[in-house]
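Since the structure comes first, as structure tokens, the remarks are kept for the end.
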Amino acid sequence: MKRGALPFFTGNQLKIIALVTMTCDHVAKMFFPESQLLLILGRLAMPIFAWMIAEGCAHTRSRTRYLLQLGGMALLCQLVYFFAMHSLFQCILVTFTLSVLVIMAIDSGSPWKAALALCFALFLTVFLPQLLPGFAVDYSIWGVLLPVAVYLADPHRHK
């Protein structure tokens with residue numbers, strides 16, 4: 001089995017499946033909101049991408065660079081989205097950036113860093129949306145925790 005792949009899919013095949021299902025989701029939301037089939041297919045993208053984030057954390061040479069690249073893309077996408085849509089909704093890249101931050105804090109070995117990262121993620125995903133109307137992080141805290149859980153569940157992960 002190739003590193004980072006499921007027994008029956010390569011990493012690239014999973015990326016293509018995630019891309020196609022994500023496209024189904026966006027097309028359904030924009031043009032066919034009544035299409036349950038497209039919406040259901042679209043919901044498959046997030047867990048696939050979450051698994052890929054966990055794999056990325058396990059196999060990258062530099063987690064700091066991985067975090068900065070993901071966070072940079074999140075910031076860029078959020079700026080474009082804010083100016084185009086005038087919305088404070090935070091995209092999935094923000095969610096996954098928080099996931100990588102939590103994974104890095106957990107792997108640091110410091111319970112204080114892990115607790116601080118989890119509290120920060122909770123604040124951004126649960127409490128800030130209550131205080132700031134229109135602010136929301138895609139998939140809330142559960143979206144942040146899914147890649148973390150996948151990462152921690154891997155018995156072969158590198159520390």
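Would you calculate the convex hull of the Cα atoms in region 65-159 and tell me its volume per residue in Å³?
Details: hull volume 8.3 nm³, N = 95.
Enclosed volume per residue, from the Cα hull, is 87 Å³.
For GLN90, enumerate residues with amide H under 5 Å from its amide H, sequence gap 5+ or separate chain, H modeled in the peptide plane.
Answer set, sorted by chain and number: ALA136, VAL137, ASP138.
Hey, how much of the P(r) for region 47-112 falls beyond 16 Å, as a percent of Cα pairs? Spell out each step's value before the answer.
Values: 1057 of 2145 pairs.
Percentage above 16 Å: 49.
Multiplying the sequence separation of ARG63 and LEU37 by 0.36 nm and subtracting their Cα-Cα distance, what value in nm do you get? Working shown, then result.
Numbers: separation 26, 0.36 × 26 = 9.36 nm, distance 3.68 nm.
Taking ARG63 through LEU37 to full extension adds about 5.7 nm, to one decimal.
Counting only heavy atoms of the protein chains, get the accessible area per residue of region 1-113 (1.4 Å probe) and round it to a whole Å² value.
Details: 7150 Å² over 113 residues.
Per-residue accessible area for region 1-113 comes out at 63 Å².
Estimate the FRET efficiency between LYS113 and ALA153 by the formula 1/(1 + (r/R0)^6), using the beta-carbon distance for r and 25 Å for R0, to the nearest 0.05.
Working: r = 21 Å, r/R0 = 0.83.
The calculated FRET efficiency here is 0.75.
Give me, ordered by chain and number, the residues 5 or more places off ARG43 or on other chains with an amide H under 5 Å from its own placed amide H.
Residues meeting the criterion, in which the H sits 1.01 Å from N, do not exist here.
Beyond 27 Å, what percent of the Cα pairs of region 1-153 remain? Display every interim value, and only then the final one.
Values: 2948 of 11628 pairs.
Here the long-distance tail beyond 27 Å is 25 percent of all Cα pairs in region 1-153.
Out of the total accessible area of the chain (probe 1.4 Å, heavy atoms of protein only), what percent is carbon and sulfur? Each step should come with its number before you reach the end.
Numbers: 7300 of 10000 Å².
Result for the chain: 73 percent of the exposed heavy-atom area is carbon or sulfur.
The values are calculated or read from the model by the stated rules, or taken from the named source; none is laboratory data. Just so we're clear, the structure is a prediction, and the values are computed from it rather than from any experiment. No Cβ is skipped: glycine too gets one built from the backbone with ideal geometry, and neighbour counts run over all protein chains shown. Calculation scope for accessible area: heavy atoms of the full protein, side chains included, ligands and nucleic acids excluded. Shrake-Rupley method; radii C 1.70, N 1.55, O 1.52, S 1.80 Å.
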